1. List, in order, the whole-Hz ³J(HN,Hα) value for each residue of the range 6-20 obtained from phi through the Karplus relation with A = 6.51, B = -1.76, C = 1.60 and θ = phi - 60°; use x for Gly and Pro.
2. Filter the trypsin sites (Lys or Arg not before Pro) in the range 13-87 down to the DSSP loop ones having no more than 16 other Cβ atoms within 10 Å, then list what survives.
3. Let me spell out the model: positive unit charges on the Cβ of Lys and Arg, negative unit charges on the Cβ of Asp and Glu, origin at the Cα centre of the chain. What dipole size does that give, in debye rounded to 20?
4. Per residue, how large is the accessible surface of the range 10-165? Use a 1.4 angstrom probe and give square angstrom.
5. Working from Cα positions, state the angle (0 to 90°, nearest 10) between the long axis of helix 45-63 and the longest principal axis of the chain.
6. Using a 1.4 Å probe over the heavy atoms of the protein chains, calculate the carbon and sulfur portion of the accessible area of the chain as a whole percent.
7. Tell me the angle of helix 79-98 to the major Cα principal axis of the chain, expressed in degrees between 0 and 90 and rounded to the nearest ten.
8. Within the chain, what's the longest stretch lacking chymotrypsin sites (Phe, Trp or Tyr not before Pro) that sit in DSSP loops with no more than 14 other Cβ atoms inside 10 Å?
Amino acid sequence: MVDSLRILGIDPGSRNTGYGLIEQSGNRTRRLASGCIKLNAKNTLADRLFTLSSELEKIIEEFHPDCGAVEKIFFAKNAQSALTLGHARGVILLKFSEHQLPVHEYQALKVKQTVVGVGRAEKSQVQHMVKILLNLQNVLQEDEADALAVAITHAHLGLFLNQLH
């Protein structure tokens, strides 16, 4: 039986993709790594997706997560944005699949409800609660905090217990 679980949370984006790796051990949750993968908007979509894939590969190889948690797309400002975001999510899901990592997907509403207690919480509230839940002192970027929130959501919903047995 495994006594801890490493969850790699991802907040997909076509320009900035947040990532947050936490370790859940019993009722203790701690951050192992987090940040943003910055994608150059001047590059072609294909080049940005290649960069996203390469950077995710490095993160997975370095930290060896046990599973992934990804925010679902629930709306976009326009169809083109939704399509581009869908491509980024496809790369993320493929990268997890290549490493045979189980993937769990959560609506933003569920993530905010789990972390803040309110489904319509502001991004600043998510950032604040992530810092409290992980006992962090440093300032988190929005996408980084969102990715950590997705990972925390997976941990707090107790889904990690199913994977430990």
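1. Couplings: 9, 10, 9, x, 10, 10, x, x, 8, 10, 9, 10, x, 9, x Hz.
2. R15, K42, K72, K77
3. 480 debye
4. It amounts to 53 Å² per residue over the range 10-165.
5. With both axes taken from Cα atoms, the answer is about 20 degrees.
6. Of all accessible area on the chain, carbon and sulfur atoms account for 50 percent.
7. That works out to roughly 50 degrees.
8. 76-165
The values are calculated or read from the model by the stated rules, or taken from the named source; none is laboratory data. Not measured: the values here are computed from a predicted model. When we count neighbours, we look across all protein chains shown, and the Cβ atoms used for this are built from the backbone with ideal geometry, even at glycine. Remember, those area values only see protein heavy atoms, side chains included, never the ligands or the DNA or RNA. Shrake-Rupley method; radii C 1.70, N 1.55, O 1.52, S 1.80 Å.
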